[in-house]
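Right, one structure below, let's go through it.
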Amino acid sequence: MTTLAVDIGGTKIAAAVCDENDNIIQRWRVPTPMDADAINQHIANVYNEAVASGHTDIQAIGISAAGNVGADRKTLTFAANIPAWIDYNLSEHVGALIDHAVPVVVENDANCAGWGEYVHGAGQGSRNMVALTVGTGLGGAIVINGELYRGSFGMAAEIGHLPMVPDGDHCGCGLRGCAERYTSGTSLENFAKSAVRRRPQDAKRLLELCGGDVTKLEGPMVSQAAQEGDELGLYAFGKIGEWLGRTMAAVSAVLDPDLFVIGGGVVAVGDILLEPARYNYARFLEGSAYRGHAKIVAATAGQDAGLIGAANLALR
C-alpha cells in the first residue's frame, strides 16, 4: 500500500510515493507554474508516471498546498500566490484528470508539515503539540489529544495572524500587527536593516555581507553574521525570538500545549533563536511561576515534513 504525496510550494512542486510507514520510495520535482490548470496537470502526470513505474497500489493522493483549505479538505478558499485558488476545488480538478482513480485529499501546507513532525519528527510522544514554521511568514499547526485540529471551517492554526500589536505594521492579509510581521524571515531582515541604519558604526560585518547596500541585506546573511557572533545579527534574532516567545505565550493561554516544535529556515541557527524564544515565552506566560511549561524544540523531520504529513493525513 502506497500514497502519492504532493507539496505545492511557491517555487517548486515536490512529489513522492510513500510506503505504508510514510517512507519516501520515489521522488519528483518540477517548478511551480502560476497557472492552476498547469498545476493540476503536473499532479496528474506524476500520478500516471508513478503508476506506470510500478506503484499500482496507490491508495490516495495527499496534497499540501500553501493556502486556506476548507473543512471539506478539497477546496482552497484562498491562496495568496495562485489567483485562481479562490473557492477552488483542487481535489475535483485533479481527480477528473485521473478519472477519479483514487481519493484526492487537500491540506494546508503548515498543517502537513506540523503533522509530519508529530508522527515522524520532534513531536513524537507529545499529546498536545503546536508546530510553528518560521519562514517568509509564520505558519502553524495544532495537535490536540493526538489529532490534527482544523477548526469548524478549516481555518485553525493561522497563528501568524494573531493580532499582537494594536495598529502595528501592515500585514499581507490586510490586517495590522499580526504575529508574522514580527516573527518571520521577513521580520528578521527588517530588524537587521533597521539596526544597520541606526548603528552603522556597529554594522561592519552585515555591511560586508550585503556589499555595502543595506537594501540587499537578506536573512541568510543575518544568520551567518549571528553565528559568527556579530552584535547586530544577534540583536535581530533576539527581536524575532522575543516575539516568537510572546506568540507562544499567547497560544498557551488558549491551548496549554506540552510542546512547541519550531521549524522553517530561520531555525537553522538553533539556540540563537530558541533561547530568546524560551526566555520570552516564560516571561509572558500567564502564571509562569505556578504552572508547567511547554518544551520548545527545533523541528527534526526536515524538508520532507510536508510530504510525510500529506501522505499520512491522506490515508487517515
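Take every Cα pair under 8 Å whose residues are at least 6 apart in sequence, average their separation, divide by the length of region 107-238, and the relative contact order is 15 percent.
Computed over region 125-300, the percent of Cα pairs more than 28 Å apart is 24.
Across region 88-105, coupling constants 3J(HN,Hα) worked out from phi with the 6.51/-1.76/1.60 Karplus curve, θ = phi - 60°, read 10, 7, 5, 4, 5, 5, 5, x, 5, 6, 10, 6, 6, 5, 9, x, 10, 10 Hz, and Gly and Pro carry x.
For residue 21 and residue 99, the difference between the fully extended length at 0.36 nm per residue and the C-alpha to C-alpha distance is 25.4 nm. Label-to-label distance, residue 295 versus residue 218, with points set 7 angstrom from Cα along the beta-carbon direction: 3.5 nm.
Normalised by the number of residues in the chain, the average gap of Cα pairs under 8 Å and 6 or more apart makes the relative contact order 19 percent. Among the listed pairs 12/74; 12/204; 74/295; 12/239; 193/295, a Cα-Cα separation exceeding 29 Å is found for 12/204; 74/295; 12/239; 193/295. The heavy atoms of residue 205 offer some 70 square angstrom of accessible surface to a 1.4 angstrom probe. Using every pair of distinct Cα positions in region 1-147, the Kirkwood expression returns a hydrodynamic radius of 15.7 angstrom.
When 133, 75 are compared by accessible area at a 1.4 angstrom probe, the order from most to least is 133, 75.
Region 241-260 and region 1-70 have their alpha-carbon centroids 33 Å apart.
Comparing 79, 253, 44 in a Gaussian network model of the chain where C-alpha atoms under 10 Å apart are linked, the largest mean-square fluctuation is found at 253.
In terms of packing, defined here as the mean over residues of other Cβ atoms within 10 angstrom, the peptides 167-174, 150-157, 107-114 line up highest first as 107-114, 150-157, 167-174. Kirkwood radius and radius of gyration were both taken over the C-alpha atoms of region 69-204, and their ratio Rg/Rh is 1.07. For the chain, the solvent-accessible area with a 1.4 angstrom probe is 44 square angstrom per residue. Close amide H contacts of residue 164 (hydrogens built in the peptide plane, cut-off under 5 Å, sequence separation of 5 or more or a different chain): 178, 179. Count the net charge of all other residues whose Cβ sits under 15 Å from the Cβ of residue 89, scoring Lys and Arg as +1 and Asp and Glu as -1. Once all neighbours under 15 Å are counted, the net charge is -3. When each of the peptides 206-217, 2-13 is scored by how many other beta carbons lie within 10 Å of its residues on average, the order from highest to lowest is 2-13, 206-217. Working value for the chain: equivalent-ellipsoid semi-axes of 35, 22, 18 Å, each the square root of 5 times a Cα gyration tensor eigenvalue, largest first.
In a solvent-free Debye calculation with one equal scatterer on each Cα, what is log10 I(q)/I(0) for region 113-182 at q = 0.14, 0.25 Å⁻¹, listed in the order of the q values? Cα-only, vacuum Debye calculation for region 113-182: -0.47, -1.03.
Summarising the strand pairing of the chain, around 55 percent of its internal DSSP beta bridges are antiparallel.
Between residue 202 and residue 279, the FRET efficiency from the beta-carbon distance, with R0 = 30 Å, is close to 0.85. Within the accessible surface of region 125-300, defined with a 1.4 Å probe on protein heavy atoms only, the carbon and sulfur portion equals 52 percent. Between 0 and 90 degrees, the angle of helix 109-120 with respect to the longest Cα principal axis of the chain falls at about 90 degrees. Residue 128 to residue 12: FRET efficiency via 1/(1 + (r/R0)^6), r the Cβ-Cβ distance, R0 35 Å, to the nearest 0.05? After rounding, the FRET efficiency stands at 0.60.
The values are calculated or read from the model by the stated rules, or taken from the named source; none is laboratory data. Everything numeric here is computed off the predicted structure, so don't read it as measured data. Neighbour counts are summed over all protein chains in view; Cβ atoms, including those assigned to glycine, are modelled from backbone coordinates with ideal geometry. We work out accessible area using only protein heavy atoms, side chains counted, and drop any ligands, DNA or RNA first. Shrake-Rupley method; radii C 1.70, N 1.55, O 1.52, S 1.80 Å.
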